[in-house]
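These notes concern the structure reproduced below.
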Amino acid sequence: MKKYSYVGISFVILIFGIIFIPRIVNRIKGSSIVKNDRMSANNPVANEKLSYIKLNGALKKVPEFSFLDQDSIQITNHDYKGKVYVAEFFFTSCPTICPKMSKNLVYLQNKLKEYKDFGVASFTINPKIDTPTKLKKYAERYNVTNPDWHFLTGDREDIYKLANTGFNIYAAENPEVAGGFEHNGYFALIDQEGYVRSRYDASGNPIIYYRGTIGVEEKEDENGEEEQITILLEDIKKLLGKNE
């Protein structure tokens, strides 16, 4: 009986190979697997379009939030409706990456000053110290002129939930690091409907977030990471319909 069982199994494997393997090979040759799952990096039309970020199969949308800005005005995600904006997490006493990030955002502000539908959301991760008054002085120090650039503060738990869960941008208190807080130096790009967007990398995958710590003039950092402010500016204009 065992001999016949082995023969039967071998026959099934043979039939599977004859029928299905050629189909799989043809599908790979035609790149249908890749094309169905994501846009090809070699497709110039695909590269002109910005990716929607997916998390657990759903398009990533900025969750509801409500915080006070530097003018003590309550600002919610609905205030950004119809606008393209960049979101960051920072704190005013940051001695390391935050000043670089702020300068890069000012660069974007100045490059886009003619557009009324561009904004910035800067969420402090040190709300205990960063009051609206403190945030107002910080905005003045960096010559912030865009009326839709809001420096936001509020409940600590709400801010950290928004960072780590809402955006999946790491932020935490850490007394062992300079300034007492650590966070990713990323910028998130959000479209007019509140969805997180990004361009594709050379492999056809969305980059998700943009490096906010390297300036245009620097070109790259000490680790060889290239600046992404230039491409972020390009992508903001794409969403604004201002391709040049």
Only listed residue being under 24 Å from F65 (Cβ atoms), out of contact with any His (no Cβ under 8 Å at 6 or more places or on another chain), in a helix (DSSP H, G or I) and among the hydroxyl-bearing types (S, T, Y), chosen from T165, T230 | T165
Would you please list the contacts, defined by Cβ atoms under 9 Å and residues six or more apart or on different chains, that run from a residue in the stretch 112-126 that is within 16 Å of V144 (Cβ to Cβ) to a residue that is part of a loop (DSSP other than H, G, I, E, B) and of a type in the set (F, W, Y)?
-> A121/F65; F123/F65; T124/F91
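Would you point out the residue of the stretch 105-114, among those that are touching a Ser or Thr at 6+ places or on another chain (Cβ under 8 Å) and not in a loop (DSSP other than H, G, I, E, B), that is farthest from E182 (Cα to Cα)? Explain how you work it out, then say what you get.
Going residue by residue through the stretch 105-114, those that are touching a Ser or Thr at 6+ places or on another chain (Cβ under 8 Å) are 105, 109, 113.
The next check asks that each one be not in a loop (DSSP other than H, G, I, E, B); those that pass are 105, 109.
Numbers: L105: 19, Q109: 25 Å.
The selected residue is Q109.
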Only listed residue being surrounded by 15 or more Cβ atoms within 10 Å (Cβ to Cβ) and at positive phi, chosen from G185, G179 = G179
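Could you please find all residues in the stretch 207-220 being open to solvent by 50 Å² or more (accessible area, probe 1.4 Å), at negative phi and of a type outside the set (K, R)?
From the stretch 207-220, those open to solvent by 50 Å² or more (accessible area, probe 1.4 Å) are 208, 211, 217-220; that's our starting set.
From what is left, the residues that are at negative phi are 211, 217-218, 220.
Hits for the stretch 207-220 are E217, E218, E220.
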Of T145, T153, the only residue that is within 17 Å of S102 (Cα to Cα) and open to solvent by less than 20 Å² (accessible area, probe 1.4 Å) is T153
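Each row is one residue, and each column tells you yes or no for (1) within 29 Å of G180 (Cβ to Cβ); (2) assigned to a helix (DSSP H, G or I); (3) not acidic (D, E).
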| site | (1), (2), (3) |
| --- | --- |
| S72 | yes, no, yes |
| A87 | yes, no, yes |
| T92 | yes, no, yes |
| T96 | yes, no, yes |
| K100 | yes, yes, yes |
| K116 | no, no, yes |
| G119 | yes, no, yes |
| F123 | yes, no, yes |
| K128 | yes, no, yes |
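Within the group T96, T76, which residue is open to solvent by less than 40 Å² (accessible area, probe 1.4 Å) and either β-branched (V, I, T) or under 19 Å from F167 (Cβ atoms) (or both)? Write out each step before concluding.
On the way: T96 fails: open to solvent by less than 40 Å² (accessible area, probe 1.4 Å).
Selected residue: T76, the only one of T96, T76 that is open to solvent by less than 40 Å² (accessible area, probe 1.4 Å) and either β-branched (V, I, T) or under 19 Å from F167 (Cβ atoms) (or both).
The values are calculated or read from the model by the stated rules, or taken from the named source; none is laboratory data. Computed from a predicted model, the values in this text were never measured in an experiment. Note: ideal-geometry Cβ built from the backbone for every residue, glycine included; neighbour counts use all protein chains shown. Accessible surface is based on the protein model in full, side chains and every heavy atom, while ligands, DNA and RNA are left aside. Shrake-Rupley method; radii C 1.70, N 1.55, O 1.52, S 1.80 Å.
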